[in-house]
Amino acid sequence: MLPRHFITITVVCFLLSSGTEATSPVNVSLTVDAIPVTGHPMATLVTCTTSRTKPAAEVSWNLGDLSNSVKVSTNTVKHLDGTFTVTSSLIATPTVQMHQQLVQCVIRHAALKEELEIDHKITVHYPPQLVFVTPFKNGSNAEVYQCEADCNPAATHFRWHSMHQTIPNDAIKTEGNKLYFLKLTSDLSGLYICEASNEYGKGIGSLYWQKGEKTEDYHSEL
């Protein structure tokens, strides 16, 4: 089970003049109960809540690029003391494209001189989508290549292999996401595979190495 993930922002706004009907400050919180994961069903991306206001606050969203891909679910509860709690959630099937998209929770209430906008960047977890191998500059005589992956959270495990070479050996070594050619001999020419993974899955990228020639990156996109 994934750990519960909370982001809470609280805003307290003072009342207007004594003639207003508003009898309580506006308390606003943004919460993320659990980070959504691609490949999973509908999930709550973020919830915006106004607590115990009188009268009830109006809660809406500026969705930007997510306007056509998320649903808004809003619920209003009236308490025995006459105050109201309003919760508004963004619900969607999580996708990679949603990650880091900016949304705004918009609050309107009699206690506010103007509407309140609270920014939030959506976070989505996903397995490696694109894995690629590129040259890595270093101060040694070895040729070094680095394996990188587009995923969230970052890849935590890397495995190198080749169909024609044993890795590591006296001419090649690996350290995490890096592949070192310690000896630049023609017998090492061939295809090298990097497998990158995080807790949600894995992806592969490849490198064709040939002595004295520019190498090519045969990255994979899942």
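I'd like to know if the stretch 115-122 contains one or more residues that are touching a residue at least 24 places away in the same chain (Cβ under 8 Å) and outside any strand (DSSP E or B). Taking every residue of the stretch 115-122 in turn, at least one turns out to be touching a residue at least 24 places away in the same chain (Cβ under 8 Å) and outside any strand (DSSP E or B).
For the stretch 69-78, the criterion of being crowded, with 19+ Cβ neighbours inside 10 Å, part of a strand (DSSP E or B) and either of a type in the set (A, V, I, L, M) or modelled with pLDDT of 95 or more (or both) is met by none of the residues.
Scanning the stretch 115-163 for residues that are of a type in the set (Ser, Thr, Tyr) and more than 30 Å from residue 190 (Cβ to Cβ) yields 123, 126. In the set 154, 110, only one residue is surrounded by fewer than 21 Cβ atoms within 10 Å (Cβ to Cβ), hydrophobic (A, V, I, L, M, F, W, C) and outside the structural domain of residue 194 (by TED's automatic domain parsing); that residue is 110.
I'd like to check which strands (runs of 3 or more DSSP E) are fully inside the stretch 131-217 and have at least 2 residues that are farther than 28 Å from residue 94 by Cβ and touching a Lys or Arg at 6+ places or on another chain (Cβ under 6 Å). Talk me through it step by step, then tell me what you get.
Values: elements: 143-152, 157-162, 172-175, 178-181, 190-198, 201-209.
Per the criteria, 143-152.
Residue 144 fulfils the conditions (1) among the aliphatic types (A, V, I, L, M); (2) surrounded by fewer than 19 Cβ atoms within 10 Å (Cβ to Cβ); (3) closer than 20 Å to residue 96 by Cβ except for a single criterion, (3).
Scanning the stretch 79-89 for residues being modelled with pLDDT of 95 or more, in a loop (DSSP other than H, G, I, E, B) and surrounded by 15 or more Cβ atoms within 10 Å (Cβ to Cβ) gives a total of 0.
The values are calculated or read from the model by the stated rules, or taken from the named source; none is laboratory data. This one's a predicted model, so the numbers in the text were calculated from it and none came from an experiment. Every residue, glycine as well, gets a Cβ built from its backbone with ideal geometry; the counts of neighbours run over all protein chains shown.
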